[in-house]
Amino acid sequence: MTIDFTFSKRQLEMREGIRAIAKNVIRPQALAWDREGAVPEEFLRNFTRLAASMGSNAMRGGLGDEGGPDVDVHGKAHADTRPRSSGANLFGVLASEELAWGDAGLLMCLPGPGLGGPPVRGSGTPEQKKRFFGIFDDYETGPLKWGAYGLTEPNAGSDVSAIRTTCRKDGTHWILNGRKCYITNGARASWTVIFATVDPALGRAGHRAFVVEKGTPGFSVGRIEEKMGLRASETAELVLEDCRVPAENLLGGEEKYVTKEGFMTAMKTFDNTRPLVAAMACGIGRAAYEHARDFVKEHYVLSRSIPRYAAIVERLAKIGRGLAAARALTWRAAWMADNGFANAKEASMSKAAAGQAAIRACIEAIEICGAEGSIAREHQLLEKWFRDIKVYDIFEGTGQIQRIVIAKRLLTDLKSF
Ligand SMILES: Cc1cc2nc3c(=O)[nH]c(=O)nc-3n(C[C@H](O)[C@H](O)[C@H](O)COP(=O)(O)OP(=O)(O)OC[C@H]3O[C@@H](n4cnc5c(N)ncnc54)[C@H](O)[C@@H]3O)c2cc1C
């Protein structure tokens, strides 16, 4: 395969636009949102309109659905004639890094299908896609709306096959019982993709995925979590008590589940979302790196001895190398998703690398800046990024889980490297 990271002229212009908004509009408010534990709805509404005016489709069909590279950066049609993908995943990681550089908390609470988008897009019937994505059609003018993804349970995080939320068919409905925890935008979502099992003894073959709509009898919100980082983003517990879900909300319809399709729906979601999460980590890590770099320029170059400066520059270089490598892995995983290549291993590689590189960047940046690095100010967000970044090595599969996935695939798929 020939990997091609060419972005269209329009996509590059959009990146510049996002970068300017992240710098001038988002970053200055990030600390206030962190303290308030929310982004004001008015800001979200204005931001949604602004994104739409830039031609973004992200709040309608999921992050990064913008038109892809039919033309190259100079506006010319590509010379080769092989079919081109929309570039949605590649553009998605580009945009995610920029927005997370501005504020990852904001990125997590943007309206739209969110993490619920990929399973509906990947496994939904045409009718389901129309119904569940259709509610976002009026996103520029209508009320703010979100989708969510409900997989994790109190006793099933990394081990997805251990979910205990049950589902039982009852005439034209399914009855769901169980609890989901740590669900991003769970309390505000118009619908949530909920994973349940017909029989825990069947393991993965027993899994089913449902779109459960807000207001469905028996579906309620439990606790809203107080978090260390990403405090502007809502993380909720969801409770299902004899919740009656219409049969037409079973994602993909019954014929999808003759094999292990329910479990595969959850896993396929990760192939698309792990690179996005990796890109967000790169954005936070890059923010910390740039802050430390500028601090070093301002505080050390003229007034401190060269050896000390050289040692610090070497640390900066190491951070920069780690982030650049993680970004390259992230773009590769996204490009593979766009072009129809199986990318589970590469998606895990991107996330494992980006989480670690960005955590290291945040820790080292604070150390380089000394006491100043631990102080919270509007233009000094290192302590916030330090709090925000840890979760990027936890959600969407922890770092350990990514390394297990990679190791398994390296040993079973010897030809793919
Ligand atoms: C801010 C936030 C937002 C989230 N949003 C969502 C969401 O929208 N939807 C959703 O469904 N979930 C969400 N989650 C949940 C998240 O995906 C889980 O926290 C994650 O999968 C890890 O599960 P766990 O917390 O139960 O940890 P555990 O699985 O209990 O892991 C605990 C530790 O054990 C290690 N471990 C586990 N199994 C193994 C193994 N086999 N080998 C070696 N080590 C192992 C892990 O790496 C980790 O270090 C969110 C979490 C957070 C914090």
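For segment 109-125, the set of residues classified as under 13 Å from F47 (Cβ atoms) and either open to solvent by 10 Å² or more (accessible area, probe 1.4 Å) or within 12 Å of the ligand (Cβ to nearest atom) (or both) consists of C109, L110, P111, listed by residue number. Of all residues in segment 134-158, those satisfying the criterion of being more than 10 Å from the ligand (Cβ to nearest atom), in contact with a Lys or Arg (Cβ under 7 Å, 6 or more places away or on another chain) and not hydroxyl-bearing (S, T, Y) are I135, F136, D137, E140, L144, W146. Taking the numbered list (1) without any contact (Cβ under 8 Å) to a residue 60 or more places away in the chain; (2) assigned to a loop (DSSP other than H, G, I, E, B); (3) within 12 Å of the ligand (Cβ to nearest atom) in turn, R164 passes all entries but (3). Among the residues of segment 2-51, the one identified as surrounded by fewer than 16 Cβ atoms within 10 Å (Cβ to Cβ), closer than 21 Å to R332 by Cα and either among the small types (G, A, S) or without any contact (Cβ under 8 Å) to a residue 24 or more places away in the chain (or both) is T2. For segment 224-235, check the following and say yes or no: at least one residue is within 20 Å of G116 (Cα to Cα), surrounded by fewer than 20 Cβ atoms within 10 Å (Cβ to Cβ) and away from the ligand (no atom under 11 Å from the Cβ). So far as segment 224-235 goes, yes, one or more of its residues are within 20 Å of G116 (Cα to Cα), surrounded by fewer than 20 Cβ atoms within 10 Å (Cβ to Cβ) and away from the ligand (no atom under 11 Å from the Cβ).
Residue-wise test of (1) part of a loop (DSSP other than H, G, I, E, B); (2) at pLDDT 90 or above; (3) small (G, A, S).
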| residue | (1), (2), (3) |
| --- | --- |
| R15 | no, yes, no |
| I21 | no, yes, no |
| A30 | no, yes, yes |
| D34 | no, yes, no |
| F47 | no, yes, no |
| A52 | no, no, yes |
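Within the set R387, R332, R403, the sole residue that is over 30 Å from V296 (Cβ atoms), within 15 Å of the ligand (Cβ to nearest atom), open to solvent by 30 Å² or more (accessible area, probe 1.4 Å) and at pLDDT 90 or above turns out to be R403. Take G252 and decide whether it is surrounded by 15 or more Cβ atoms within 10 Å (Cβ to Cβ), assigned to a helix (DSSP H, G or I), small (G, A, S) and at pLDDT below 95. Considered against the rule, which asks whether it is surrounded by 15 or more Cβ atoms within 10 Å (Cβ to Cβ), assigned to a helix (DSSP H, G or I), small (G, A, S) and at pLDDT below 95, G252 comes out as no. Of all residues in segment 186-209, those satisfying the criterion of being farther than 21 Å from K268 by Cα and either open to solvent by less than 30 Å² (accessible area, probe 1.4 Å) or in a strand (DSSP E or B) (or both) are A187, A189. Among the residues making up segment 172-196, those that are more than 12 Å from the ligand (Cβ to nearest atom) and in contact (Cβ under 8 Å) with a residue 60 or more places away in the chain are T172, H173, W174, I175, L176, N177, G178, W191.
The values are calculated or read from the model by the stated rules, or taken from the named source; none is laboratory data. Worth saying up front: this structure is predicted, and the values here are computed from it rather than measured. Glycine also receives a Cβ, built like all others from the backbone with ideal geometry; neighbour counts cover every protein chain displayed. When the accessible area is computed, the model is the full protein with side chains, heavy atoms only, and any ligands, DNA or RNA have been set aside. Shrake-Rupley method; radii C 1.70, N 1.55, O 1.52, S 1.80 Å.
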